[in-house]
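One structure is given here, and the rest of the page talks about it.
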């Protein structure tokens, strides 16, 4: 990559990181198609391996169906870990969700925190981690998560906000 292109790429990335998120309720829907993780091979200048990315997307969708459609959380965790991309916020969040559903709250927390470290603006992670907080009896911490969701969504109408607000109000973790 030539120097001017590198500078342009850096400037665009910097602007994207500084700009406020433009999330809408539609963008905050369940992430059955996660954003791909950053390429670890950025120095070589190679184009993304499209077949590899398609395998990742297909594997993620299969794990998503295993977890949400069949409620087979252990198998879903295995499928997600086999992808080798638990540094992706969507993947880490879904692993955390599955561990939470299995009652392993420490591992759920670890994966939620991993997801937020990767993407601090991942609305679904804030929702699920907030539900985890409710289940642990930490309503004040859950409220922080709710406020964060409102800021990211730009309103209180997104599904993640409604779900967590309902759980905080009832004191239960809800179905999510």
Most packed first (mean Cβ within 10 Å per residue), the peptides 77-87, 120-130 order as 120-130, 77-87
FRET efficiency for residue 144 and residue 82 from the Cβ-Cβ distance with R0 = 41 Å, rounded to 0.05, comes out at 0.75
For the residue 113, residue 72 Cβ pair and Förster radius 30 Å, calculated FRET efficiency rounded to 0.05 is 0.75
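Pull out a ≥ b ≥ c, the square roots of the eigenvalues of the alpha-carbon gyration tensor of the stretch 49-119, then state rounded if a/c is under 1.5, prolate if not and a/b is larger than b/c, and oblate in the remaining case.
oblate
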Computed over the Cα atoms of the stretch 121-176, the Rg and Dmax in Å are 9.5, 27
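FYI, it's all coordinate maths here, none of it is from the lab. Keep in mind that this is a model prediction, so the values were computed, not measured. Counting neighbours? That spans all protein chains shown, and the Cβs are built from the backbone with ideal geometry, glycine included.
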